[in-house]
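A short worksheet on the structure shown next.
No lab work stands behind these numbers, since they all come straight from the coordinates. On a predicted model such as this, the values are computed, not experimentally measured, just so you know. Neighbour counts are summed over all protein chains in view; Cβ atoms, including those assigned to glycine, are modelled from backbone coordinates with ideal geometry.
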Amino acid sequence: MQQPPSPLWTNASSRTRLTGTWRSAMPEYQDKPSPCRGACPVAGRIAEWVRQIELGDYYGAWLTLVDNNPFPAVAGRICHHPCEGACNRQQLDETVGICSLERFVGDMALAEGWCFPEPAAAQDQSVAIVGGGPAGLSAAYQLRRRGYRVVLFEERGQLGGLLRHGIPAYRLDKTILDGEIQRIIDLGVEVRLQSGIADAGALRALHAEYDALYLATGASRPKTLPELDYEQPWVQDGADFLAATNAGEACELGQRLVVIGGGSAAMDVARTARRLGRSVSVLALEPDALLPAQPIEVAEAREEGIEFITGAMLQAVESLGDGLKLQCVRVDFQQGETRGTFSVEPVSGSGFVLSADAVVPAIGQDADLARWDGLLDSDGPVVRTDAQWQTSRPGVFAGGDLASMDRFVTQAIGMGKMAAEAIARHADPLQPGAVAANGSEVPFAEINTDYHPLAGRLQPGNLEVEARLRTFDEVQHPLAQDEAIAEAARCFSCGTCIYCDNCYFYCPDMAIAKLEHGYDVKSDYCKGCGLCVAECPTGAISMGQE
Amino acid sequence: MELINYNDEELFQPGHVACAGCVEALSMRVILNTVGRDAVATVSPSCGAVICGAYPFSATKIPVFHTTLESGAASASGIKRALLSQGKPDTTVLCLAGDGGTYDIGLQALSSAAERNEDILYICFDNEGYMNTGGQKSSSTPLAAVTGSTPAGKTTRKKNLIEILAAHRIPLIATASPSHLNDMAAKVEKAKALRGTKVIIVLIPCLPGWGVADNAAVKTARLAVESGVFPLFEVEDGVHYTLNTEQRTQSVNSYLAQQGRYRHLSAEQVEQIQADVDAEWQRLLWCAAGR
Ligand SMILES: Cc1cc2nc3c(=O)[nH]c(=O)nc-3n(C[C@H](O)[C@H](O)[C@H](O)COP(=O)(O)OP(=O)(O)OC[C@H]3O[C@@H](n4cnc5c(N)ncnc54)[C@H](O)[C@@H]3O)c2cc1C
Ligand SMILES: Cc1ncc(C[n+]2csc(CCOP(=O)(O)OP(=O)(O)O)c2C)c(N)n1
Ligand code: SF4
Ligand code: SF4
Ligand code: SF4
Ligand SMILES: [Mg+2]
């Protein structure tokens, strides 16, 4: 028989006292979205894959990346990286170098020959994609991995769209592009090159053969300047100039070039021309501070010896025997209400003359909407689509530069992904929709920065200017492995649990239980102090209301 | 990020009645689990006594003997000697006390035990006042801090107990903070392996006593360490000083600003406290360099 406990000794465990009744709020594990993710055009799970890099799980990081974007090595080079502009860490010191980390993983995948996981079991439906640029390829990838039959029709002899014939090799080495495209094709996408879908009739006929169409033909028609006679041998449009150089053709233009335009395409034209040994001036309407190109592109162009004449406009060209005289005038440039709109007023008496041998206008491209006349409605300069990226013709979806003025590569990739999801739902309405991340984005104030010591960003270096002018080698160096790990360690992992156990150890009431994957709050004992929340380094827990 | 890595064997149990967010309970958790099962504790009247449990409840998985406020170290010494005569030399005897029970009312017993170098591990939970009885000042209360018995702010400095203890040349005196749990566990581990009198002073920002938010005691303790108000260091054999944090990264004001008990301070007073901390920090550096 058990002895009755001695009345002299404390014998009851405090466990019988349920201090959870003291509480007015209880912590909740939420795994909230990070602000970088919200700003990312492909909604990449950045906090997750950056953490995987930090832990040395590069393959895992790549799988997380390619869930939303099959082009990490491309995006890691040329994405305009709005994620970095939203990064919480810039409120402590500097933004995390997300883009260079993405390149690190993308390059490793190519070097190691990693392949996508096998596609899902074959579906009955088939989808035709028209246009093999980033939007079309992204949609093809997302549909193929879901098991659909995908046939891609491309007008040109090679895939890639502007990635191939627009963006110069010194920013995107073509072997990188080839590698990432080949991986998509290897998933079983059927590719028909030199197979343009010329007009509305051809599109209608195509639609009869497929369950759905995705249209991503880009914006291929250059905007033109009325002051220029495009028939002259000394005028070449920027898009043609870049396409020719990218195709390895010799440049026929003279020695002194004037590039017209202040955007990214103009920078690419100017810098390409420098590499071809030309002397180059850029003539832009905008004053320096308002140039639409990224500041880094302008800075690098200046380093390469390109002259900028900003806040000025071409009025007329005089062709003399030994060159051109460009009549120009200073302008008063006013930005409009909406992005891309502006007004210019010539400043009287400010005329000046530029001497040159050739003029290369690079002032933007329009989508060719006339092709689809009578079949698809348009919405101003682009094809009209609804929230599901479906055009006015049911079953025909569109995206990329054709359907949007957000003209960036990762925007096109993101649109391709969203359309693929919509097409899958169109094919099978029972498909689950995309899972929305829960809760609102983690603000900087929810990050306990005591766990994140100050550490400046690791910027990958650039090729020296002299070497840049001799070749088309990539300007930006990659991050070395130790640099990538160090840079990844700077990420706060906003809203994502890193299983650090801080919440478990900082609870004075032993009210956090460790589970196999994650944690649980023991409501019997949690007093609701919030120490676990305060000492969480990532903002993955918050106090809920009771 | 440095991960916390002591092993929690559940020697400290939930259901205790410490205030929500109390880092004395948090520190108790680290200390009991680091010392392990082969231990006996004494506890003087204090918040610690309440946390360990009032009869018939106990939050600890080791025996705890409640002593008078004067006699913590003497009682612990007696228990240690009894264990020795039972042939249990390896059982750790913990002596848990508040600052009132250490700096003031229990000082005589502690000094005597230290002079005899009794084999006990003495933990002072220093919340800088008599907090369990409603928040009166002790000789550990810092200059200018408001308590129930110093409503306009204390007019004298905090007693330097470490120097008093150092004069006894005991094997180890150390400071510890609930913001640095690995450091706390390492010091307990080290003290456990040494024979003789070991004293660890743990800074405990008291939520109601200091006017600190329920979720902010760890942060406040961290600021105390980072501002140099409460440096983490060790003194071996009364003479060898080792600083565990070699740099100050916060101003004293960032620490003071967390707390209601300093809300009334003028800019001059803050400057004076900063100057005191600077001078004490220089002295510590000097001590550490001379070892
Ligand atoms: C010079 C330049 C530099 C740029 N640099 C950057 C940069 O650094 N970062 C960035 O984010 N964005 C940049 N952009 C923008 C980016 O390239 C585009 O937003 C993006 O490529 C759009 O993708 P898309 O798939 O919609 O179209 P595209 O890339 O234009 O691809 C369209 C594809 O459709 C094919 N096609 C066209 N018509 C037909 C048809 N009728 N039938 C079949 N196929 C057809 C085309 O041949 C092409 O392959 C740059 C653009 C230019 C012009
Ligand atoms: C000789 C004596 N005087 C007064 C008391 C009443 N008393 C009980 S606990 C306590 C406060 C002790 O303060 P401290 O040691 O700092 O512990 P804290 O409550 O702050 O944790 C006092 C004054 C007592 N028990 N014995
Ligand atoms: S710190 Fe990391 S998770 Fe947070 S916004 Fe920046 S990149 Fe994203
Ligand atoms: S630290 Fe513990 S008691 Fe405090 S809120 Fe978190 S789970 Fe509850
Ligand atoms: S404290 Fe650490 S383990 Fe706990 S939720 Fe936050 S990240 Fe996850
Ligand atoms: Mg006290």
message = Can you work out the Karplus-derived ³J(HN,Hα) for every residue in the range B:107-112? Use 6.51 cos²θ - 1.76 cosθ + 1.60 with θ = phi - 60°, whole Hz, and x for glycine or proline.
response = 5, 4, 5, 5, 4, 5
ask   = With each label point set 7 Å from Cα along the Cα-Cβ vector, what nm distance links residue A:12 and residue B:279?
value = 5.3 nm
ask   = How big is the shadow of the Cα convex hull of the range A:225-363, averaged over all directions, in nm²?
value = 8.4 nm²
message = I'd like the Kirkwood hydrodynamic radius of the range A:394-518, using the inverse of the mean 1/r over distinct C-alpha pairs, in Å.
response = 20.4 Å
ask   = Sorted by average packing, counted as other Cβ atoms within 10 angstrom per residue and highest first, what order do B:52-58, A:419-425 take?
value = A:419-425, B:52-58
For peptides A:40-46, B:284-290, sequence by mean Cβ density within 10 Å, most packed first = A:40-46, B:284-290
inquiry  = Please arrange B:202, B:277 by how many other C-beta atoms lie within 10 Å of their C-beta, fewest to most.
reply    = B:277, B:202
remark   = Applying the gyration tensor rule to the Cα atoms of the range A:272-339 (axes a ≥ b ≥ c; rounded if a/c under 1.5, else prolate if a/b exceeds b/c, else oblate), the class is oblate
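Helix-derived [θ] at 222 nm for chain A: sum -39500 (n - 2.57) over DSSP H runs of at least 4, divide by residue count, nearest 500?
Computed mean residue ellipticity for chain A: -8500 deg cm²/dmol.
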Considering only the range B:161-242, percent of DSSP beta bridges that pair antiparallel, nearest 5 = 55 percent
remark   = Computed ³J(HN,Hα) along the range B:185-201: with the Karplus parameters 6.51/-1.76/1.60, θ = phi - 60°, integer Hz and x for glycine or proline, the list is 4, 5, 5, 5, 4, 5, 5, 4, 7, 8, 9, x, 8, 10, 10, 10, 9
task = State the extension gain, in nm to one decimal, for the chain segment bounded by residue A:387 and residue A:425, taking 0.36 nm per residue of separation less the distance between their alpha-carbons.
result = 12.3 nm
key: nm² value of the averaged projected area, convex hull over the Cα atoms of the protein assembly as shown   = 46.9 nm²
remark   = Rounded to a whole number, the mean other protein chain Cβ count within 10 angstrom for residues of A:507-518 is 4
task = Would you grab the residues whose amide H sits under 5 Å from the one on residue A:147? Only those 5+ places off in sequence or on another chain, please, with H modelled 1.01 Å from N.
result = A:120
ask   = Can you give the average number of partner chain beta-carbon atoms within 10 Å of each beta-carbon in peptide B:19-28, as a whole number?
value = 5
query = When DSSP beta bridges are limited to those with both residues in the protein assembly as shown, what percentage is antiparallel, rounded to the nearest 5?
reply = 45 percent
query = Is there a simple number for the mean count of other chain Cβ atoms within 10 Å of the Cβ of residues in A:527-536, and what is it?
reply = 6
request  = Between residue A:471 and residue B:189, with labels modelled 7 Å along Cα→Cβ, what's the label distance in nm to one decimal, could you check?
outcome  = 5.2 nm
key: Cα-only radius of gyration and Dmax that characterise the range B:23-288, units Å   = 17.6, 59
key: Directionally averaged shadow of the range A:75-190, computed from the convex hull of its alpha-carbon atoms, nm²   = 8.6 nm²
ask   = Build a GNM of chain B with springs between Cα atoms under 10 Å: which of B:270, B:218, B:23 gets the top mean-square fluctuation?
value = B:270
ask   = HN-Hα J couplings of the range A:313-323 from phi, Karplus 6.51/-1.76/1.60, θ = phi - 60°, integer Hz, Gly and Pro as x?
value = 9, 7, 10, 6, 10, 10, 9, 9, x, 10, x
remark   = Note, residue A:230: beta-carbon cut-off 13 Å, +1 each Lys/Arg, -1 each Asp/Glu, net -3
task = List the extent of the Cα atoms of the range A:192-263 along each of their three principal axes, largest first, rounded to whole Å.
result = 53, 29, 24
ask   = For the Cα atoms of chain B, what angle does the longest principal axis make with the long axis of helix B:267-289, in degrees from 0 to 90, nearest 10?
value = 50 degrees
